[in-house]
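Note sheet for the following structure.
The values are calculated or read from the model by the stated rules, or taken from the named source; none is laboratory data. In this text the structure is predicted, and so the values were computed from the model without any measurement. Reconstructed Cβ throughout: ideal geometry from the backbone, glycine too, with neighbour counts over all protein chains shown.
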């Protein structure tokens, strides 16, 4: 296609931690196989958008955590080219959707629920005109619908604490739910090692978050994965009802009379099993598979089960928006979004670069206190996966050893390779080693070679700590 619909506004909606099959209208469900008997969440607005838009429920994320996944979504480049492949280390390099939009004369907005991750620290705010932290009302107060714009709206309410995010949005319901869940937790128990934060928390808000994390730790250490997954699904429905649907209704009212393209996606999903603690350390399909949805005038309605990659999202928007002046790794899906053609499945890659949680917490605190990186935080490629045809090959390179979650140490292991083949419902099933698996392993080795050679570009940069950030971090107890 050489001509596309024109839009006054581009609205990108990131629902952090949204599994593709958490959308009720998604016909490709994974969780009834792994978590049978769970109550599905109600997602009426998303269901309507699925019916009216181009729904791509089989999108593979580039990473199972927020920073690297979003950097790929915003740039259309693989992590070794944009530089953000770890959780919290290097700064984003190169152009983004914001760069392209500015080049075309659009005003750019970024509303982030996780400013420590998706903010100035890692370079995500470059070419952003209006940056808003955790404040839906403030975004609307700044939004000028009379001028063309691109908005990136990030919601973190599907992340722990599931459905609530903070006291502002969770209120008394958040307090009550934490109290109910805590009542079943015996005193003592495993120490909480995971004290990482994605946003600013102080006082009661921080205590509630840590209490929720203790609840999760208790159930995980007890092997009660079904309770944890039910909390996740409960959180999906809570967020949809209390925050997402009212926000989108308000947005559409503000945009009335304008031509708007909405692009909605998840960055990674969520899973609990013996080798999956939420999302950061796993190649589980419920984590790596996310939804992508294009919704607006001129979009071809339909659901396409063929695999795409999240690296394809930015090139698709860029093809319509214009302003792209660099080589991208993803491919535009314009024939699908505006013509209804089935996308051609391509190889997809996922990697999880992790560090010891204790080292991570110490590193994050020192960095935020000083404003400079205390050396380099060691990361390793813990696990990785490649998709090729109907084969998924996963490889685990390290194991966690030691005590409870958050106090683990990393140790190398003999590579643990898992071969799966997708059935007719796109559920992965264990498969034997074969020629297809050998080809997939060669592809994965070639992809990993880019990281061994070093990320493209020079230097990894220091995350930026502003005076405003310092002030808010003091409220969290950091000595700054």
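Restrict the check to the range 397-415 and report whether at least one residue is farther than 30 Å from residue 200 by Cα, in contact with a helix residue (DSSP H, G or I) (Cβ under 8 Å, 6 or more places away or on another chain) and at pLDDT 95 or above. Among the residues of the range 397-415, not one is farther than 30 Å from residue 200 by Cα, in contact with a helix residue (DSSP H, G or I) (Cβ under 8 Å, 6 or more places away or on another chain) and at pLDDT 95 or above, which makes the answer no.
In a helix (DSSP H, G or I) and modelled with pLDDT under 95: does that describe residue 325?
Numbers: in a helix (DSSP H, G or I): no; modelled with pLDDT under 95: yes.
Taking the combined requirement at face value, the residue does not satisfy it.
Checking each residue in the range 128-171 for being closer than 13 Å to residue 254 by Cα, touching a residue at least 24 places away in the same chain (Cβ under 8 Å) and out of contact with any strand residue (DSSP E or B) (no Cβ under 6 Å at 6 or more places or on another chain) picks out 140, 143, 144, 145.
Out of the residues in the range 275-322 that are on the phi > 0 side of the Ramachandran plot and surrounded by 17 or more Cβ atoms within 10 Å (Cβ to Cβ), state the one that is modelled with the highest pLDDT. Walk me through how you get there before you give the answer.
Of all residues in the range 275-322, those on the phi > 0 side of the Ramachandran plot come to 278, 296, 298, 302, 322.
Those still in the list that are surrounded by 17 or more Cβ atoms within 10 Å (Cβ to Cβ) too: 278, 296.
Details: 278: 94, 296: 98.
Among residues in the range 275-322 that are on the phi > 0 side of the Ramachandran plot and surrounded by 17 or more Cβ atoms within 10 Å (Cβ to Cβ), the one modelled with the highest pLDDT is 296.
With respect to residue 25, is the statement that it is closer than 23 Å to residue 260 by Cα, in contact with a helix residue (DSSP H, G or I) (Cβ under 6 Å, 6 or more places away or on another chain) and surrounded by fewer than 23 Cβ atoms within 10 Å (Cβ to Cβ) true? So residue 25 passes the test. If you filter the range 80-105 down to residues that are modelled with pLDDT under 95 and outside any loop (DSSP other than H, G, I, E, B), you find that the one that is surrounded by the most Cβ atoms within 10 Å (Cβ to Cβ) is 82.
Listed conditions (1) surrounded by fewer than 21 Cβ atoms within 10 Å (Cβ to Cβ); (2) over 26 Å from residue 94 (Cα atoms); (3) at pLDDT 95 or above are all met by residue 362, apart from (3). Taking the conditions exactly as written (modelled with pLDDT of 95 or more and touching a helix residue (DSSP H, G or I) at 6+ places or on another chain (Cβ under 7 Å)), does residue 338 satisfy them or not? It is false that residue 338 is modelled with pLDDT of 95 or more and touching a helix residue (DSSP H, G or I) at 6+ places or on another chain (Cβ under 7 Å). Against the definition (under 19 Å from residue 228 (Cα atoms) and at pLDDT below 95), how does residue 160 come out, yes or no? No, not satisfied.
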